[in-house]
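Report on the structure given below.
The values are calculated or read from the model by the stated rules, or taken from the named source; none is laboratory data. The structure displayed is predicted, hence computed values, not measured ones. Positions of Cβ are backbone-derived with ideal geometry, glycine not excepted, and every protein chain shown enters the neighbour counts. Quick note on the areas: whole protein, heavy atoms, side chains included, nothing else; ligands and nucleic acids left out. Shrake-Rupley method; radii C 1.70, N 1.55, O 1.52, S 1.80 Å.
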Amino acid sequence: MSLLEVIALTAADARAAREGGADRLEVVADMAADGLTPDPDVLAAIRAATDLPLRVMLRANAGFRTTGAELDRLRHAAAGLAEAGADGFVLGFLDSFGHVDTAATGKLAAVAAPLPWTFHRALDHAADPAQAWRAVRGLPAAAEGGGLDTVLTAGSARGVDAGVDVLVRRATEGPGAAGMIMAGGGLRRKHVAVLAAAGVTSFHVGTAVRPDGSWDAPVDPALVAEWRSLVSAAAGG
């Protein structure tokens, strides 16, 4: 089965995404910083507006590094967001050398348990993305509904246009790898069939389902429906 995840900033976005046929929402704030942790009240409003699964961003700054103080705040935020209706989280950090910060990531993932979580595009900004991919694949995977079950990646810091070949290579490592990949970050319609042919079944869109590709515009259910049809035709389900 395929999965289409849509970024939602508001309850109106959530309703539009659901109307258009989205399978899951990524809930974030401040897309000028590429997505930060939302306010629990906003999440509660989104939860009231839809029964779609909600993956909520845990990220305190526009970069991919974190501090002990930030991590403490995020750990506290995770508990409040779970109470407000989060079904899962989106997180992941790099250390000062640009490698996956498994310690910080693991501490936050432990707080997120037993909910599942996505490792976000920090992977694409690593000093050695191939090494980072192996590190992420080595993190505790989903078990009994919790743990890492998705890696949101474009294959390149420059977006899917530059990284599509990387995603295809990773997907062909085997069904386990293909099943972890959620392609997103400048995803275009032309990429879907290529990635689906390699075994990728999960796709993530943000500006692609907003008029004129603007974060200032709300999610358009008609655009979501077009993506839903495209993904279903290419990846099945």
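A few points about this structure:
- Think of the range 1-83 as a dipole: +1 on every Lys or Arg Cβ, -1 on every Asp or Glu Cβ, centred on the Cα centre; then among Leu3, Ala44, Gly68, Gly68 lies furthest on the positive end.
- Overall form of the range 91-209 per C-alpha gyration tensor (a/c, 1.5; a/b vs b/c): prolate
- When the charge dipole of the chain is built from unit charges on Cβ atoms (+1 for Lys and Arg, -1 for Asp and Glu) and taken about the Cα centre, the candidate among Ala82, Leu148, Ala171 whose Cα reaches farthest toward its positive end is Ala171.
- In a simple Cβ point-charge model (Lys, Arg +1; Asp, Glu -1; nothing else charged), the range 1-53 has a dipole of about 180 debye relative to its Cα centre.
- Placing +1 on the Cβ of every Lys and Arg and -1 on the Cβ of every Asp and Glu, with no other charges, gives the chain a dipole of roughly 480 debye about its Cα centre.
- Computed from point charges on the beta carbon alone (+1 for Lys and Arg, -1 for Asp and Glu), the dipole magnitude for the range 60-127 about its Cα centre is near 60 Debye.
- Apportionment of accessible area to carbon and sulfur, the chain, percent (1.4 Å): 54 percent
- Excluding ligands, DNA and RNA, the accessible surface per residue across the range 1-59 is 37 Å² with a 1.4 Å probe.
- The chain - Kirkwood radius from inverse mean 1/r over Cα pairs (Å): 17.5 Å
- Antiparallel content of DSSP bridges confined to the chain, in %, to 5: 10 percent
- Taking a ≥ b ≥ c as the square roots of the eigenvalues of the alpha carbon gyration tensor, the range 18-79 is prolate, as a/c is not under 1.5 and a/b beats b/c.
- Rounded to whole Å, sorted largest first: equivalent-ellipsoid semi-axes of the range 150-233, Cα gyration tensor: 23, 14, 10
- Treating each Cα of the range 22-131 as one equal point scatterer and applying the Debye formula with no solvent, the log10 of I(q)/I(0) at q = 0.10, 0.23, 0.24 Å⁻¹ comes out as -0.26, -1.30, -1.39.
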